[in-house]
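The next block holds one structure in the form of structure tokens; read it before the comments.
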Amino acid sequence: MLSRGEYLKELGIDVWVERATHSLDTHTQLDDESGLDWAELADRVASCTRCSLHSGRQQTVFGVGNQQAQLMVIGEAPGAEEDKQGEPFVGRAGQLLNSMLRAVGFERGEVFIANILKCRPPQNRDPKPEEVIACGNFLERQIELIAPSAILAVGRIAAQNLLKVDTPIGKMRGKTYQFSGSQHGKEIPEIVTYHPAYLLRSPNEKRKVWQDLQAVKRVLEPDQ
Ligand code: SF4
């Protein structure tokens with residue numbers, strides 16, 4: 001008995017078979033960031049069109065701060081002001097983050113601040129999984145190059161994507177995780193806390209953030 005394809009062929013009808021596409025995987029393999037130095041990585045991010053977010057951005061937001069930082073702060077994605085200024089965590093949330101950092105003895109310029117995504121999602125919607133995958137190598141290489149002693153994940157999106165879980169952030173707080181996002185890199189202690197933008201709306205949660213920051217301090221200064 002003829003298959004449907006053979007039958008159509010017998011009738012002289014071309015059969016079009018949809019080709020399996022794995023463009024994201026292929027692209028990620030082709031654009032391996034693992035050997036790039038800091039300047040090459042920054043250049044690659046600045047010209048990236050790997051996901052659709054490139055079309056709506058004013059500029060990429062690579063990250064800012066000390067390339068030898070002890071502490072790396074990782075948030076979600078640029079908002080409108082970050083997209084305009086090219087720097088993560090600016091505006092009121094950024095000022096609150098600066099205060100949070102000072103509480104553990106860091107000035108903003110002493111840490112490195114980056115986001116899961118380097119381009120702004122429209123209307124500040126949550127990042128899509130394919131965007132997180134497409135952008136993931138950039139952050140991974142940043143973490144490898146900086147090799148911080150601790151990571152502070154601020155907000156649900158950062159915490160869930162770094163640790164690859166769906167746990168609500170309220171349940172993730174209060175523990176120290178081991179981040180091992182890179183195949184080549186070492187495990188790095190990671191603390192989860194609320195995003196400063198959330199704190200601006202819910203100031204009662206500041207006490208919990210203070211506890212999280214104390215946990216960061218204990219990781220960085222275990223003998224104190
Ligand atoms: Fe490239 Fe990341 Fe921007 Fe997407 S979000 S275009 S992957 S830099």
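The values are calculated or read from the model by the stated rules, or taken from the named source; none is laboratory data. Quantities reported herein were computed from a predicted structural model and do not represent experimental measurements. Note that each Cβ is placed from the backbone with ideal geometry, even for glycine, and that neighbours are counted across all protein chains shown. All accessible areas refer to the heavy atoms of the entire protein, side chains included, with ligands and DNA or RNA removed. Shrake-Rupley method; radii C 1.70, N 1.55, O 1.52, S 1.80 Å.
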Could you check the stretch 93-123 and list, in sequence order, the residues that are closer than 30 Å to residue 52 by Cβ and among the aromatic types (Phe, Trp, Tyr)? 112
Top-ranked residue of the stretch 29-61 - restricted to ones that are of a type in the set (Asp, Glu) and either part of a loop (DSSP other than H, G, I, E, B) or near the ligand (Cβ under 7 Å from one of its atoms) (or both), ranked as farthest from residue 119 (Cα to Cα): 37
Where a residue in the stretch 70-89 is assigned to a helix (DSSP H, G or I) and its partner, wherever it lies, is open to solvent by 20 Å² or more (accessible area, probe 1.4 Å) and within 13 Å of the ligand (Cβ to nearest atom), with Cβ under 8 Å and at least six apart: 80/120; 82/120; 83/57; 83/58; 83/59; 83/120; 84/58
Pick from 160, 211: which is open to solvent by 70 Å² or more (accessible area, probe 1.4 Å) and in a helix (DSSP H, G or I)? 211
Assess whether residue 95 counts as being in a helix (DSSP H, G or I) and more than 11 Å from the ligand (Cβ to nearest atom). yes
Going by what's in this entry, would residue 155 be described as modelled with pLDDT under 95, touching a helix residue (DSSP H, G or I) at 6+ places or on another chain (Cβ under 9 Å) and not hydrophobic (A, V, I, L, M, F, W, C)? no
Residue 131 vs. criteria within 12 Å of the ligand (Cβ to nearest atom) and either open to solvent by 40 Å² or more (accessible area, probe 1.4 Å) or at pLDDT 95 or above (or both): yes
Mind telling me which of the residues 109, 86 ends up being away from the ligand (no atom under 12 Å from the Cβ), open to solvent by less than 40 Å² (accessible area, probe 1.4 Å) and either out of contact with any strand residue (DSSP E or B) (no Cβ under 9 Å at 6 or more places or on another chain) or not aromatic (Phe, Trp, Tyr) (or both)? 86
